[in-house]
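Below is one structure, written out as structure tokens; the observations come after it.
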Amino acid sequence: MVEKSQKPTETPPPEAPFRRVAVNLYRRNSSNVYYALIKRGGKQFRRSLKTTDRKLADRRLVAFRDKVDRINPKKLDGKITFSEIAPLWFNSIKNHMKASSARRRQVSIRQLTPYFGNIPIANITIKGCEDWVSRRSVKISASTFNNERETLISIVDYAVREGLTLDNPAKHIKRRKLGKPLIRIPSQEEFQLLVAALKSSERRMQRAADLIELLAYSGMRLGEAVEIRWKEVDFNGNHFAVTGGAKGTKNLESRIVPLFPAMRQFLEALKARNCPRDKDFIISAFTAKKAMIAGCTKAGIQNYTHHSLRHYFVRNAIEVGVDFKTIASWIGHKDGGILVANTYGHLSDTHSKEM
């Protein structure tokens, strides 16, 4: 008896990696994770929805579809690069920034360009951002890194708003922690020695000495102190206004500060000596940097900076019992005294123990 020949078994077709569940919604066979797949302007956008739950996948699909709908297909075809979009972003924000802040942004753009310049903005990825971090972070300080990071995030955010890319991968970059700066504050004796050393030097050092005293008695930043005019001092009302002049203050808000006894005595003596007009600047010098170095050397004390005198003012205020919130309002902080407390709190504790 001759047996019938058996038919060879057929190899089943390979299983597709995805199966369609609904419009724009797919599920991966190997993991059951849901994916979104949307076509727009001849381009496919696929994204893992990172869930195996159908209801959550539906909600994430709606959000993803909204993002894709904001994409401008005509702009995508142009492959606009980082170098092309960065100036457009900068021009959109520069009129709302102080000149110094705008310059920092321009420097950050120049530093970012070697890494991202020729890359289409839509092709910037998380991995590309991580590569930038690994290559750039070791070369620069934490503050510089954070400024470049913020600039990169802002530029890609602008591209998202303009419909040039779907997401902002730069938002995954973490800020670097800033080290606590060493605060050097002159003692009362050191301050007097510095002023005396400058006043006993050549005549041009007198202007530097005046600027140093103004900073120490007012708590103003250098940029604020060199812009204040006599018309902004109200001797009858016992206060002075800090406006920052044409450039404005750091937070672009003016403030009224009491005319402290040392400040009043200094200004009255200065006014009697110079006989100024109301529109004149109180101080004609714009910096005392070199004079301070020379004066500190002559007085035999360590070198101090303009900002050391702002610290000097705050310490003196703490030592006479002024609360942190009030000090913050005097020096132009808007956080209710949090930064003052974090920066100078140890001085308050030390002074309390000494008392």
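Here are some notes:
- Identity of the residue in region 294-311, assigned to a helix (DSSP H, G or I) and open to solvent by 30 Å² or more (accessible area, probe 1.4 Å), that ends up farthest from residue 206 (Cα to Cα): 307
- The residues listed here are 92, 100, 154, 108; of these, the one that is in contact with an Asp or Glu (Cβ under 6 Å, 6 or more places away or on another chain), within 30 Å of residue 244 (Cα to Cα) and of a type in the set (Gly, Ala, Ser) is 108.
- Pairs linking a residue in region 227-246 that is more than 20 Å from residue 333 (Cβ to Cβ) to a residue that is among the hydrophobic types (A, V, I, L, M, F, W, C) and open to solvent by 40 Å² or more (accessible area, probe 1.4 Å), with Cβ atoms under 7 Å and 6 or more positions apart or on different chains, are 229/281.
- Answer from 182, 193 - the residue that is in contact (Cβ under 8 Å) with a residue 40 or more places away in the chain, within 21 Å of residue 319 (Cα to Cα) and open to solvent by 40 Å² or more (accessible area, probe 1.4 Å): 193
- Of all residues in region 312-349 being aliphatic (A, V, I, L, M) and outside any helix (DSSP H, G or I), the one that is least open to solvent (accessible area, probe 1.4 Å): 322
- The residue that is most open to solvent (accessible area, probe 1.4 Å), among those in region 139-179 that are in a helix (DSSP H, G or I) and among the acidic types (Asp, Glu), is 150.
Conditions tested, residue by residue: (1) free of Cβ contacts under 8 Å to residues at least 60 places away in the same chain; (2) among the aliphatic types (A, V, I, L, M); (3) more than 26 Å from residue 99 (Cβ to Cβ); (4) touching a helix residue (DSSP H, G or I) at 6+ places or on another chain (Cβ under 9 Å).
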| position | (1), (2), (3), (4) |
| --- | --- |
| 251 | no, no, no, no |
| 257 | no, yes, no, yes |
| 275 | yes, no, yes, no |
| 325 | yes, no, yes, yes |
| 335 | yes, no, no, yes |
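- Scan region 229-270 for residues that are buried (at least 18 other Cβ atoms within 10 Å of the Cβ), assigned to a loop (DSSP other than H, G, I, E, B) and of a type in the set (A, V, I, L, M) and the total you get is 1.
- Only one of 104, 110, 136 that is in contact with a helix residue (DSSP H, G or I) (Cβ under 8 Å, 6 or more places away or on another chain), at pLDDT 90 or above, part of a helix (DSSP H, G or I) and open to solvent by 50 Å² or more (accessible area, probe 1.4 Å): 104
- Restricting attention to region 271-281 and to residues that are in a helix (DSSP H, G or I) and charged (D, E, K, R), the residue that is nearest to residue 317 (Cα to Cα) turns out to be 271.
- Subset of region 139-164 [modelled with pLDDT under 95, of a type in the set (Ser, Thr, Tyr) and under 20 Å from residue 84 (Cβ atoms)]: 158
- Qualifying residue in region 20-33 (condition: among the aliphatic types (A, V, I, L, M), at pLDDT below 70 and either exposed (fewer than 11 other Cβ atoms within 10 Å of the Cβ) or over 23 Å from residue 166 (Cα atoms) (or both)): no
- For region 132-149, a residue qualifies if it is free of Cβ contacts under 8 Å to residues at least 12 places away in the same chain and not β-branched (Val, Ile, Thr), and the qualifying residues are 134, 139, 141.
- When restricted to residues that are open to solvent by 70 Å² or more (accessible area, probe 1.4 Å) and within 19 Å of residue 286 (Cβ to Cβ), region 196-228 contains 4.
- Residue 283 being of a type in the set (A, V, I, L, M, F, W, C), closer than 18 Å to residue 232 by Cβ, surrounded by 19 or more Cβ atoms within 10 Å (Cβ to Cβ) and out of contact with any Gly (no Cβ under 7 Å at 6 or more places or on another chain): yes
- If you filter region 51-101 down to residues that are touching a Pro at 6+ places or on another chain (Cβ under 8 Å) and at pLDDT below 90, you find that the one that is least open to solvent (accessible area, probe 1.4 Å) is 80.
The values are calculated or read from the model by the stated rules, or taken from the named source; none is laboratory data. Because the structure is predicted, anything quoted here is derived from the model rather than measured. Cβ sites come from the backbone with ideal geometry, for glycine too, and all protein chains shown count toward neighbours. Keep in mind that these areas ignore ligands, DNA and RNA; they rest on the heavy atoms of the full protein, side chains included. Shrake-Rupley method; radii C 1.70, N 1.55, O 1.52, S 1.80 Å.
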